[in-house]
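Data first, discussion second: the structure below is written as structure tokens.
What follows is calculated from the coordinates using simple rules that are stated; it is not laboratory data. All values derive from a computational prediction rather than experimental measurement. Glycine gets a Cβ as well: all are built from the backbone with ideal geometry, and neighbour counts include every protein chain shown.
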Amino acid sequence: MKIHTSELRGKSVAELETMACNLKEELLRLRQQKNTQSLKPHEIRVVRKNIARVLTVRTEKLYAEMYEKHKNDKRMPKDLRPRLTKAKRMALTPRQRNMSVHSVCKRRRAYPRMYFSYSE
């Protein structure tokens, strides 16, 4: 029988771990049954998917706990930081974008912009 993730999210990490162990034992029992008795083919698949759901929810909870623990730290661990594309990681900072070459700075200082006013 399929286990819904909404049921799993209400459980603690320890409960999820025991549930995963029980499901793995059930999977072992079903594999043994497959060789000795007749077994519906979808039962093994359902148990495997249930194990995956339980482990996924457990991992999400562990990451959430780690995030809360390190939220106020100066440097958060890399695996808890938001994921960025390579282009965004390599992009220039605002300070780097506004920097200019020495010769350009020198030219701007020597020849500042002139403002003319027209009065009639």
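Numbers at a glance
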quantity	calculated
Area projected by the alpha carbon convex hull of the chain, averaged over all directions, nm²	17.9
Theoretical FRET efficiency, 1/(1+(r/R0)^6), r = Cβ-Cβ of ARG113 and ARG89, R0 35 Å, to 0.05	0.45
For the chain, calculated [θ]222 nm from helices alone, where every DSSP H run of n ≥ 4 adds -39500 (n - 2.57)	-20500 deg cm²/dmol
Highest-first arrangement of 35-45, 106-116, 52-62, where packing means the average Cβ count within 10 Å	52-62, 35-45, 106-116
Virtual paramagnetic centre 7 Å along Cα→Cβ of LYS69, amide N under 16 Å, in the range 1-29	13-14
Length gained when the stretch ARG81-SER103 is fully extended (0.36 nm per residue, less Cα-Cα span)	4.0 nm
